[in-house]
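Here the structure is laid out as structure tokens; the discussion comes afterwards.
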Amino acid sequence: MDFPKTLSPIVEAVKKNKKVCFFLGAGVSTSCGIPDFRSPKTGLYANLKKLNLPYPEAVFDIDYFREKPDAFYTLAHELYPGNFLPSKFHFLLKLFQDKRLLKRVYTQNIDTLERLAGVEDDYIVEAHGSFANNHCIDCHEEMSSEELKKHVFNREVNNGIPTCSKCKGFVKPDIVFFGENLPARFFSQWDEDCEDVDIAIVAGSSLTVYPFAGLPSEVGKNSIRLLVNREAVGDFKSRKRKNDILALEDCDYVAETLADLLGWKLDLDKLIKAA
Ligand code: CNA
């Protein structure tokens, strides 16, 4: 079957004004130049050898950070927002917002590219936090992002690691590390949204990090679920539902195809050109 046809249940539902709830992972940002975690060869975990980590996830582990913050700050230096532009997929989110057909964007990403594409705060749930705020891990004193950025980009002083002006503890952006709680809004917003998801689009995620990875399995049985990913993952692999759609394709290609099928191609091109 030709690929665009598999998307027709989504297109028909959107044309009936059904809203879309997105669930995003690092794969929507790889075309922007930000590596994901788990892709073989290109993913961050495959490229962490130089950091001498005991295990790859240690770079985002709060206990390891307390001992050795250098690993995280080496990565932060590479990944800090400001160096990357949104992808076609990010601009598709903005189009759904503009057409009043966006329910919510739940994202695991910390790159803030949804915001940069023009999606408004109310629509975004940054499940794993972001670089927008920073706190001391000991006394919780806040550090502004301007101040933190100065440290991160001046690696000659203290190896680019920011410390608290009050207690000298290490400062860390409010991104959620393994061993830390997710933001309260993640749970409260999902309580509100979960019963009312007509179309769920999961994109660019290996669906391995919980509780986020569990969200697609909580949407109602009548919802249309679409997975956009290089491979089948999570619930779409182990407990595939009858009306699930699998687009094992590149995220930007699917964004372009969907925009085309919805008659939004020119709108998408306009957003991309204006960026
Ligand atoms: P992951 O585990 O690295 O999985 C990414 C998935 O996306 C894989 O299944 C890939 O096959 C797939 N993929 C990669 N590129 C594409 C593409 N162009 N088109 C289609 N599929 C693609 O990442 P997850 O997001 O599932 O893991 C959760 C972690 C990743 C979260 O805690 C994030 O904070 C963290 N992360 C975020 C960023 C970011 O903010 N951009 C970057 C790297 C990691």
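The values are calculated or read from the model by the stated rules, or taken from the named source; none is laboratory data. All of these numbers come straight from a predicted model, not from anything done at the bench. Positions of Cβ are backbone-derived with ideal geometry, glycine not excepted, and every protein chain shown enters the neighbour counts.
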Next on the checklist: Out of everything in segment 251-262 that is in contact (Cβ under 8 Å) with a residue 24 or more places away in the chain and of a type outside the set (A, V, I, L, M, F, W, C), what residue ends up being farthest from Pro216 (Cα to Cα)?
Outcome noted: Asp260
Checklist entry - Is one or more of the residues making up segment 230-245 closer than 18 Å to Ser8 by Cα and either assigned to a strand (DSSP E or B) or within 16 Å of the ligand (Cβ to nearest atom) (or both)? => result yes
Next on the checklist: Tell me yes or no: at least one residue of segment 43-53 is in contact with a His (Cβ under 9 Å, 6 or more places away or on another chain) and away from the ligand (no atom under 14 Å from the Cβ).
Outcome noted: no
Checklist entry - Which of the residues that make up segment 151-167 are of a type outside the set (Val, Ile, Thr) and assigned to a loop (DSSP other than H, G, I, E, B)? => result Phe153, Asn154, Arg155, Glu156, Pro162, Cys164, Ser165, Lys166, Cys167
Checklist entry - Which members of segment 58-69 meet the condition of being assigned to a helix (DSSP H, G or I) and either buried (at least 16 other Cβ atoms within 10 Å of the Cβ) or touching a Pro at 6+ places or on another chain (Cβ under 8 Å) (or both)? => result Ala58, Val59, Phe60, Tyr64, Phe65
Checklist entry - Which condition number in (1) touching a Ser or Thr at 6+ places or on another chain (Cβ under 9 Å); (2) surrounded by 22 or more Cβ atoms within 10 Å (Cβ to Cβ) is the one that Phe72 fails? => result (1)
Checklist entry - Just to be sure, is Lys172 over 14 Å from Phe23 (Cβ atoms), of a type outside the set (S, T, N, Q), within 16 Å of the ligand (Cβ to nearest atom) and modelled with pLDDT of 95 or more? => result yes
Item to check | Conditions (1) more than 10 Å from the ligand (Cβ to nearest atom); (2) at positive phi: number failed by Thr112 | outcome: (1)
Checklist outcome for this item: Residues of segment 181-237 being hydroxyl-bearing (Ser, Thr, Tyr), crowded, with 17+ Cβ neighbours inside 10 Å and over 18 Å from Glu126 (Cβ atoms), in sequence order, are Ser206, Ser223
Checklist entry - Filtering segment 76-101 down to residues that are under 25 Å from Tyr210 (Cβ atoms) and modelled with pLDDT of 90 or more, which residue is surrounded by the fewest Cβ atoms within 10 Å (Cβ to Cβ)? => result Leu93
Item to check | Scope segment 12-51; condition within 30 Å of Val197 (Cβ to Cβ), of a type in the set (Val, Ile, Thr) and in a loop (DSSP other than H, G, I, E, B); matching residues | outcome: Ile34
Item to check | Extreme residue, modelled with the lowest pLDDT, among residues of segment 38-75 that are under 16 Å from the mean Cα position of the chain (by Cα) and small (Gly, Ala, Ser) | outcome: Gly43
Checklist entry - Out of curiosity, is Arg104 out of contact with any Gly (no Cβ under 6 Å at 6 or more places or on another chain) and surrounded by fewer than 18 Cβ atoms within 10 Å (Cβ to Cβ)? => result no
Item to check | Among the candidates Pro4, Pro35, residue that is under 17 Å from Asp260 (Cα atoms), modelled with pLDDT under 95 and surrounded by 14 or more Cβ atoms within 10 Å (Cβ to Cβ) | outcome: Pro4
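Quick grid of which residues meet (1) in contact (Cβ under 8 Å) with a residue 12 or more places away in the chain; (2) within 18 Å of Gln97 (Cβ to Cβ):
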| residue | (1), (2) |
| --- | --- |
| Val202 | yes, no |
| Pro211 | yes, no |
| Arg225 | yes, no |
| Val233 | yes, no |
| Phe236 | yes, no |
| Lys242 | no, no |
| Glu249 | yes, no |
| Trp264 | yes, yes |
Item to check | segment 180-208: number of residues that are among the aromatic types (Phe, Trp, Tyr) and within 16 Å of the ligand (Cβ to nearest atom) | outcome: 1
Checklist entry - Which condition number does Asp111 fail, the rest of (1) out of contact with any Leu (no Cβ under 8 Å at 6 or more places or on another chain); (2) at pLDDT below 95 being met? => result (1)
Checklist entry - Which condition number in (1) polar (S, T, N, Q); (2) within 9 Å of the ligand (Cβ to nearest atom); (3) not in a loop (DSSP other than H, G, I, E, B) is the one that Thr257 fails? => result (2)
